[in-house]
1. So what are the stretch 101-197's ellipsoid semi-axes, whole angstrom, largest first, if each one is the square root of 5 times an eigenvalue of the alpha-carbon gyration tensor?
2. Separation of the stretch 62-100 and the stretch 134-186 by C-alpha centroid, Å?
3. Once the chain is represented by equal point scatterers at the alpha-carbon sites, with solvent omitted, what log10 I(q)/I(0) does the Debye formula produce at q = 0.14, 0.16 Å⁻¹?
4. Computed over the Cα atoms, what is the radius of gyration of the stretch 124-279 divided by 2.2 N^0.38 Å, N being its residue count?
5. If the limit is 27 Å between Cα atoms, which of LYS62/LYS141; LYS81/LYS141; LYS141/LYS248 go over it?
6. What ranking do TRP11, TRP114, TRP278, TRP207 get, fewest neighbouring Cβ atoms within 10 angstrom at the top?
7. Order by neighbour count: CYS224, CYS99, fewest other Cβ atoms within 10 Å first, most last.
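Coordinate-derived values only; no laboratory data. Computed from a predicted structure; not experimentally measured. Cβ placement follows ideal geometry from the backbone for every residue including glycine, while neighbour counts extend to all protein chains displayed.
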Amino acid sequence: MMKIALGTVQWGLNYGISNKKGIPSKDELNRILSFADKSGINLLDTASAYGNSEARIGDFSKNKFNIVTKIGISENDISIKEKIKKSLKKLKSNSVYGCLFHDTINFLKYPSAWNEIQIQKKEGLIKKIGFSLYNPQELEKLFELNYIPDLIQVPFNLIDRRFEPYLKELKNMDIEIHVRSIFLQGLLLNFKMMNEIKFSKWNKIWWRYRNWLKSIGLSPLEACISHVLSFNDISNIVVGVDDLSQLKQIVLASKRDTVKAPKSLISTDEKLINPLSWL
């Protein structure tokens, strides 16, 4: 079963510290989606906040893929139903596989939104509802308040393994787990970037990382994918690509035997594992 899913923020915004190519052209997007379809990839991840990503998916995906989108909430905003219908219009679809609240902390200020999104699920506009999370504390707060999702998306990679202790429990609760940031916005693929002053604080991790890669004979991309695929409770791995060649490398790497990274690579330092702190 193909667990790779395509993240689409790069299709609507210039995103990622290692993205030097910008937003893919129409032709490149067609090539990416055609190859994804032929490779068994069946899920696209997007959001209303990703520029014109939803509209581009609507123009090019031809309803061949399951779509997970995300919505935000703010004071005096339009209703949840209106938000979802707005996204569906852009996506040129009658329904989506999943709809997540993009900011859990903000969601907790508007608890009525949970009932609203459940109504849209009952009406058939959404198959699964849930949350995009940034840390385990958000998950624990949701459970404490009895907000039990069908689907969550969380950051997860060979350095950031904060959600690892929760995977089995979530699977047992029949909560679908999607993970993102498996390359940490490209940092884990770029040794030159690791040597920059703002990342030099973690030189010991980079040294262990290089030695581990050498010992297993894998490239950084292969190792990052192999590590995440070794966790069977994860349903989908969301990766972003700027061009077809990147997607081909990822699909090829996903077919290798899996291997878990050593725990000596783990960091809980927010200044490293949270890209927002890099600014």
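1. On the way: eigenvalues 174, 41, 35 Å².
The three semi-axes for the stretch 101-197 are 29, 14, 13 Å.
2. Centre-to-centre (Cα) distance: 22 Å.
3. -1.04, -1.36
4. On the way: Rg = 16.2 Å, N = 156, 2.2 N^0.38 = 15.0 Å.
In units of the 2.2 N^0.38 Å rule of thumb, it is 1.08.
5. Working: LYS62/LYS141 38 Å; LYS81/LYS141 25 Å; LYS141/LYS248 39 Å.
Long pairs (Cα-Cα over 27 Å): LYS62/LYS141; LYS141/LYS248.
6. Values: TRP11 28, TRP114 20, TRP278 14, TRP207 11.
With the sparsest Cβ surroundings first, the list reads TRP207, TRP278, TRP114, TRP11.
7. Working: CYS224 25, CYS99 30.
The most exposed by this proxy come first: CYS224, CYS99.
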